[in-house]
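To start, the structure itself, in structure tokens.
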Amino acid sequence: MDQNFSSTQLLKLCKQQEWKYYDLGQDDLETKINSNFSKIIDGTFDFQIEKIGEYFLTHDLSQKLIIRKLNDNIKRLYKDEQANRRIIIKQVKTLLAENCPMWILRTDIEKFYENIDRERLISKLRNDSILSFYSLSIITKLFDNQNISESTGLPRGMNISATLSELYMRKFDKWIQRNPGVYFYARFVDDIIIFSNDESVLKKLNSQINENLEVGLNKKVQKTGLYNGDNISKEKPLEYLGYQFTTKTVNKNKKSLEVSIAKKKVKKIKTRVTLALLDYIKQNDFDLLENRIRFLTGNYSVKTNSEGNDLKAGIYYNYSHLNKYEVFDDLNLYFRKALFSRSGNFGNKIDSVLSQVQKNQLAKYSFKHGFLNKVYYSFTPEDMKEIKNCW
């Protein structure tokens, strides 16, 4: 496998939409890449990284491609593939529907990216002797960047952090998988779920998690719970990866499973509805408000890879495994109450800035309709940035 960072390798990783966004010709980009390549060879290359909120980003396309190539090198050499959220939820749903004794341990890891020991991680990469000298040098340069070096752990906002975190967790994953009595284990970034037919197995395993996690990591106690899979109540539902699961076993031949949206996610959607309306009071941009309601109640595409393929997201694609739809009635009711309210400070302000015609126009949008009919909207990258900037 070719690990070098030449223009031949990096141009292959440039996304189709990036050519247009950066308004660069191939010759211009190739010149920048070759300049960086020369600096990598002579050891003078440095990253230009900006911290925006909790995320670390570079606006230089040639440097983005270097990070993308580095990530590709690691994934290919270590045969790393991050777990698929939809597949995990499908498996969990199938297991919970089974009418047999089962116990479930659900937990996650405290400040996952921030608490990963990157010096320990770099030492592992060096000791493995799989990555090339230049790949290792670039990782070091990345972590030595002033903005990144002033923080701890892995930088959020970069795909390479997800890949490196998977390597950091390999030993722990194998410990769980080899544990007698565990018949299903899944981890999506820092969210963990474990199935066993023996409660004592999970109690013992839970008591040993922290001592088996890599240096710097600890489970989040308040997010840790043990559940009897036969009867998971609505008072203490199992929430995992944005979903809420409840079960009820009537007899050995009958068991019900209800899958809805996790309460935290429902609250997040309601908050976004409110923030969209509050921003309209300040901006008075109805087209933007309507786009935000379309975004929340519908579905859209996200460009994800070098070929420019789409990842579908939105109210249906984020929650396609639901089998209980009452949550959408709750969301629709909240939206309409917020929209048509005339009481209190918020209601008075909304009523004064939105006409009845505008309210009726927005009221046509429905969370349930968007889900059941997979309603799709097309947004440009500029639209998406504008839509999200009040959240």
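The values are calculated or read from the model by the stated rules, or taken from the named source; none is laboratory data. As the structure is a prediction and not an experimental result, all values here were calculated from the model. Methodologically, a virtual Cβ is constructed for each residue, glycine included, from the backbone with ideal geometry; neighbour enumeration extends over all protein chains shown. Remember, those area values only see protein heavy atoms, side chains included, never the ligands or the DNA or RNA. Shrake-Rupley method; radii C 1.70, N 1.55, O 1.52, S 1.80 Å.
Just for the stretch 351-366: of the residues that are farther than 13 Å from LEU289 by Cβ and small (Gly, Ala, Ser), which one is modelled with the highest pLDDT?
Of all residues in the stretch 351-366, those farther than 13 Å from LEU289 by Cβ come to 351-352, 356-357, 360, 364, 366.
Those still in the list that are small (Gly, Ala, Ser) too: 352, 366.
Working: SER352: 93, SER366: 98.
Filtering first and then ranking leaves SER366.
Being open to solvent by less than 50 Å² (accessible area, probe 1.4 Å) and either charged (D, E, K, R) or in contact with a Lys or Arg (Cβ under 9 Å, 6 or more places away or on another chain) (or both): is that true of ALA83 here?
Here the answer is yes, as ALA83 does meet what is asked.
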Subset tally (residues that are surrounded by fewer than 19 Cβ atoms within 10 Å (Cβ to Cβ) and touching a Leu at 6+ places or on another chain (Cβ under 8 Å)) for the stretch 224-256: 3
Any hit, the stretch 316-327, residues being surrounded by 13 or more Cβ atoms within 10 Å (Cβ to Cβ) and part of a helix (DSSP H, G or I): yes
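Let's see how each residue does on (1) hydroxyl-bearing (Ser, Thr, Tyr); (2) closer than 27 Å to GLN208 by Cβ; (3) in contact with a helix residue (DSSP H, G or I) (Cβ under 8 Å, 6 or more places away or on another chain); (4) modelled with pLDDT under 95:
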{"site": "GLU110", "(1), (2), (3), (4)": "no, yes, no, no"}
{"site": "ILE116", "(1), (2), (3), (4)": "no, yes, yes, no"}
{"site": "LYS124", "(1), (2), (3), (4)": "no, yes, yes, yes"}
{"site": "ILE130", "(1), (2), (3), (4)": "no, no, yes, yes"}
{"site": "GLN146", "(1), (2), (3), (4)": "no, no, no, yes"}
{"site": "SER151", "(1), (2), (3), (4)": "yes, no, yes, yes"}
{"site": "ARG156", "(1), (2), (3), (4)": "no, no, yes, yes"}
{"site": "MET169", "(1), (2), (3), (4)": "no, yes, no, no"}
Helices (runs of 4 or more DSSP H) fully within the stretch 115-214 counting 3 or more residues that are open to solvent by 30 Å² or more (accessible area, probe 1.4 Å) and closer than 19 Å to ASN73 by Cβ: 118-128, 133-144
Top-ranked residue in the stretch 57-94 [being touching a strand residue (DSSP E or B) at 6+ places or on another chain (Cβ under 8 Å) and assigned to a helix (DSSP H, G or I); ranked as modelled with the lowest pLDDT]: ARG85
Hits in the stretch 44-99 (condition: among the charged types (D, E, K, R) and under 28 Å from ASP28 (Cα atoms)): ASP46, GLU50, LYS51, ASP60, LYS64, ARG68, LYS69, ASP72
Candidate set from the stretch 237-256 (those that are polar (S, T, N, Q) and part of a strand (DSSP E or B)); member that is farthest from LYS90 (Cα to Cα): ASN251
Unique match (being modelled with pLDDT of 90 or more, closer than 21 Å to ASN145 by Cα, assigned to a helix (DSSP H, G or I) and open to solvent by less than 60 Å² (accessible area, probe 1.4 Å)) among ILE33, ILE41: ILE33
Residue check for ALA313: part of a helix (DSSP H, G or I), within 27 Å of ILE261 (Cα to Cα) and of a type in the set (Gly, Ala, Ser): no
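Evaluate the following for ILE261: is it over 23 Å from VAL327 (Cβ atoms), hydrophobic (A, V, I, L, M, F, W, C) and touching a helix residue (DSSP H, G or I) at 6+ places or on another chain (Cβ under 9 Å)?
On the way: over 23 Å from VAL327 (Cβ atoms): no; hydrophobic (A, V, I, L, M, F, W, C): yes; touching a helix residue (DSSP H, G or I) at 6+ places or on another chain (Cβ under 9 Å): yes.
The answer is no for ILE261.
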Residue ID - most open to solvent (accessible area, probe 1.4 Å), chosen from residues in the stretch 272-300 that are without any contact (Cβ under 8 Å) to a residue 24 or more places away in the chain and outside any loop (DSSP other than H, G, I, E, B): LYS282
Output for the stretch 1-30, where each listed residue is open to solvent by 80 Å² or more (accessible area, probe 1.4 Å) and assigned to a helix (DSSP H, G or I): THR8, LYS12, GLN16, LYS20, TYR21, GLN26, ASP27, ASP28
Tally of residues being at pLDDT 95 or above and on the phi < 0 side of the Ramachandran plot across the stretch 237-255: 9
Test: residue in the stretch 356-374 that is surrounded by 14 or more Cβ atoms within 10 Å (Cβ to Cβ), among the aliphatic types (A, V, I, L, M) and assigned to a loop (DSSP other than H, G, I, E, B): no
